[in-house]
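The values are calculated or read from the model by the stated rules, or taken from the named source; none is laboratory data. On a predicted model such as this, the values are computed, not experimentally measured, just so you know. Positions of Cβ are generated from backbone atoms using ideal geometry, with glycine treated the same way; all protein chains shown enter the neighbour counts. These area figures cover heavy atoms from the full protein model, side chains too; ligands, DNA and RNA do not enter into them. Shrake-Rupley method; radii C 1.70, N 1.55, O 1.52, S 1.80 Å.
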Amino acid sequence: MIKFAISVLCAAAMMGMLHPASALAQQAPLPAANESGSPAFDTLRNEAIAKKVPLVIYLTGSSWCSYCNIFTNKHIKERIFKRESGEKFIFWLVDTRQAPGRSPGSFTFQFIPEEAAKVVGCAGSKAPYVVFGPPAVIILDPVSGKVIKRMAGQGDMDKEGKSLPAVIKECWKNFQEEEEKNS
């Protein structure tokens with residue numbers, strides 16, 4: 001029964017039926033450069049700032065999440081993704097392990113690297129970048145730390161109808177154009 005309730009709530013949240021502020025109200029403020037608490041994130045963010053490209057965070061549960069494995073095989077292991085990563089965008093893979101919870105049907109996530117939990121987390125987390133669970137992609141402006149786009153797995157990719165690098169490129173271009181207009 002608990003598993004069913006959790007799946008219904010997650011599905012409702014993913015479809016936008018729950019007020020998004022409820023999940024975001026607990027979020028920490030966006031971290032200033034080099035102040036996230038995660039040396040890995042700060043290093044990658046600085047690299048993205050230097051190269052003037054977006055920072056892409058991919059939250060996966062590679063050892064236990066079948067949807068993550070499908071997403072990884074279809075998008076992350078794609079030749080064009082590997083070719084453009086590091087040049088057109090900076091990529092950070094954050095893996096999670098499931099750790100048993102204290103009650104039946106519950107679980108918590110252990111982040112790899114562990115410090116990643118200071119930056120990205122699942123619903124209910126106080127991390128600055130919150131998703132409903134893996135697989136999830138977050139495209140960030142490395143300078144401001146603003147989220148340009150969040151995608152929750154294959155469903156969002158199917159709506160885009162193009163490769164992940166193409167989505168990243170388009171989002172980054174649109175973000176830069178919008179920033180220019182507002183300047």
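Tell me which residues, restricted to region 41-72, are in a helix (DSSP H, G or I) and open to solvent by 30 Å² or more (accessible area, probe 1.4 Å).
T43, L44, N46, E47, I49, A50, K51, S66, Y67, N69, I70
Hand me the list of strands (runs of 3 or more DSSP E) wholly inside region 77-172 holding 1 or more residues that are open to solvent by 60 Å² or more (accessible area, probe 1.4 Å). Give the steps one after another, and end with the answer.
Numbers: elements: 90-100, 107-112, 120-122, 129-131, 136-140, 147-151.
Here the list reads 90-100, 107-112, 147-151.
Is it the case, given these coordinates, that E35 is over 16 Å from the mean Cα position of the chain (by Cα), surrounded by fewer than 17 Cβ atoms within 10 Å (Cβ to Cβ), at pLDDT below 90 and not in a strand (DSSP E or B)? Lay out the reasoning, then the answer.
Details: over 16 Å from the mean Cα position of the chain (by Cα): yes; surrounded by fewer than 17 Cβ atoms within 10 Å (Cβ to Cβ): yes; at pLDDT below 90: yes; not in a strand (DSSP E or B): yes.
Yes; evaluated as a whole, the condition is true for this residue.
Out of everything in region 78-111 that is at pLDDT 85 or above and among the β-branched types (V, I, T), what residue ends up being nearest to E47 (Cα to Cα)?
The residue in question is I90.
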